[in-house]
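What follows draws every value from the coordinates through simple rules; no lab data is involved. Source: prediction; values computed, not measured. Cβ sites come from the backbone with ideal geometry, for glycine too, and all protein chains shown count toward neighbours.
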Amino acid sequence: MIVVIKPHVAEERTNQLIEWFKGMGLGVHVSNGEVNTVLGLIGDTGRVDKDLIASLDIVDSVSQVSEKFKQCNRKFHPEDTVVQVGDVKIGGGNFVMIAGPCSVESEEQIVTVAKAVKASGAQLLRGGAFKPRTSPYDFQGLKGEGIELLKIARQETGLPIVSEIMNLIDLPLFEDVDVLQVGARSMQNFDLLKELGKTKKPILLKRGMANTLQETLMSAEYIMAGGNENVIFCERGIRTYSDYTRNTLDLSAVPMLHELSHLPVIVDPSHATGLARLVEPMALAATACGADGLLIEVHNDPLHALCDGAQSLRPEEFDAAAKKIRKVREAIL
Ligand code: PEP
Ligand code: MN
């Protein structure tokens, strides 16, 4: 249930109402907008007398949220959420470029790529340490050592680091990782989502390759229900009939998620297409349709990459793409 408070109501009166709701065993999410304060009631609102609340002199309107996703719903929180990672802001008009290799392979590799992408304007460094591979015989990532190498690259460049967590038992290893990525294959690992909800870490939540937007929203809800509001959606392509690309990049997800939710939405054109030559055009399209950022795989030597070389940009290609991305961004503002 959403309760919109009238403008210019004394804070004390709003607080009295909040306490009253809490006394009924409800959670109250408070969103202070420029004009109105919006109270989102969480829990069993069946016992709340809607007409009684609507008749209060401080209340502007009362409405029911019919969707199952509550806390990530824009009705709960009309303003865009801005997720903060160190000095970097994501969402609410703040655009982020996240770049780096699919997998961390060595200190030299990750530091070289980190320096290059930073010079081209990336604000966050990505790198997989735990890799979800289709084949058990493929490179599985450097695991804990990979996380340590990412930290060295952060120290060398100042770029905050993003890495995928596959299993909740690895959580202690991620204590010093700035953004935890939930991969497409883990989007409905509900135990993992619940555990991440107990942290305050920014979570980059990738859409599953066969998941609807509603399921994606419900996964964000799992994290938020635990008390962690720092969730960023990532559209990375879904399985359709595409035969020449790895996936189909569903760009309509960007404006749709923006309409349904207040959380930032970024796009990963690398996993969406699987082909380096398609990354730049799709990155430009994603920027044009209002994405809050991009996640792009960059490797210093794609031909010898241990994972996803075919979709990885060389540093100079990323530099050229970043320049065009900034132009598109300026054009739509
Ligand atoms: C990745 O980012 O390296 C990755 C495995 O992505 P996804 O979960 O989208 O396949
Ligand atoms: Mn990859």
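For the chain, the Kirkwood estimate of the hydrodynamic radius, built from every pair of different alpha carbons, is 20.8 Å.
Equivalent-ellipsoid semi-axes for the range 185-333 (Cα gyration tensor, √(5λ), whole Å, largest first): 26, 18, 15. Per-residue packing, averaged as other Cβ atoms within 10 Å, sorts the ranges 166-176, 303-313, 42-52 into the order 303-313, 166-176, 42-52, beginning with the highest. Projecting the Cα atoms of Ile332, Val267, Pro302 onto the charge dipole of the range 257-333, computed from C-beta unit charges around the Cα centre, puts Ile332 farthest toward the positive end. The dipole here belongs to the range 1-96: it is taken about the Cα centre, uses +1 on the Cβ of Lys and Arg and -1 on the Cβ of Asp and Glu, and is about 300 debye. Annotation for the range 189-232 versus the range 21-39: alpha-carbon center distance of 22 Å. What do you get for the angle between helix 144-157 and the principal long axis of the chain? Use alpha-carbon atoms, 0 to 90 degrees, nearest ten. With rounding to tens, the tilt is 90 degrees. For the pair Val35 and Gln214 in one chain, pulling the backbone fully straight at 0.36 nm per residue adds 61.5 nm over the alpha carbon distance. Arranged from fewest to most other beta-carbon atoms within 10 Å of their beta carbon, Val35, Val104, Val83, Val88 become Val35, Val88, Val83, Val104.
Can you give the angle from 0 to 90° between the axis of helix 11-23 and the longest principal axis of the chain, with both taken from C-alpha atoms, to the nearest 10? Helix 11-23 and the main axis of the chain meet at about 90 degrees.
Over the residues of the chain, the helix contribution to mean residue ellipticity at 222 nm works out to -10000 deg cm²/dmol, using -39500 (n - 2.57) for each DSSP H run of at least 4. Placing a pseudo-label 7 Å from each Cα along the Cα-to-Cβ vector at Lys198 and Tyr137 gives an inter-label distance of 4.0 nm. A Förster radius of 41 Å, combined with the Cβ-Cβ distance separating Ala310 from Glu79, puts the computed FRET efficiency at roughly 0.55. Taking Cβ atoms as reference points and 13 Å as the exclusive limit, the residues near Val28 contribute a net charge of +1, counting Lys and Arg as +1 and Asp and Glu as -1.
Applying 0.36 nm per residue to the separation of Arg47 and Thr245 and subtracting their alpha-carbon distance, the gain on full extension is 66.2 nm.
With axes computed from alpha carbons, what is the tilt in degrees of helix 213-225 against the longest principal axis of the chain, rounded to the nearest 10 within 0 to 90? Long axis of 213-225 versus the principal axis of the chain: about 70 degrees. All Cα-Cα separations within the range 76-187 were binned at 10 Å from zero, giving a P(r) of 14, 43, 32, 9, 1, each value a whole percent of the pairs.
Please report the antiparallel percentage of the DSSP beta bridges confined to the range 146-272, to the nearest 5.
DSSP beta bridges in the range 146-272 are roughly 5 percent antiparallel.
Extending 7 Å from the Cα toward the beta-carbon at both Asn15 and Arg277 defines two label points whose distance is 6.4 nm. Placing +1 on each Lys and Arg Cβ and -1 on each Asp and Glu Cβ, with no other charges, gives the chain a dipole about its Cα centre of roughly 360 debye.
Here the chain carries DSSP beta bridges of which approximately 45% are antiparallel, counting only pairs with both residues inside.
Could you work out the mean projected area of the convex hull around the alpha carbons of the range 18-78, in square nanometres to one decimal?
Taking a quarter of the hull surface, the average projection is 4.2 nm².
Here the range 105-264 is treated as an ellipsoid with the same Cα gyration tensor; its semi-axes, largest first and in whole Å, are 25, 19, 17. Residues Cys234, Cys289, arranged from fewest to most other Cβ atoms within 10 angstrom of their Cβ, appear as Cys289, Cys234. Here the range 137-152 is scanned for amide nitrogen atoms under 16 Å from the site 7 Å beyond the Cα of Asp176 along Cα-to-Cβ, giving 143-152.
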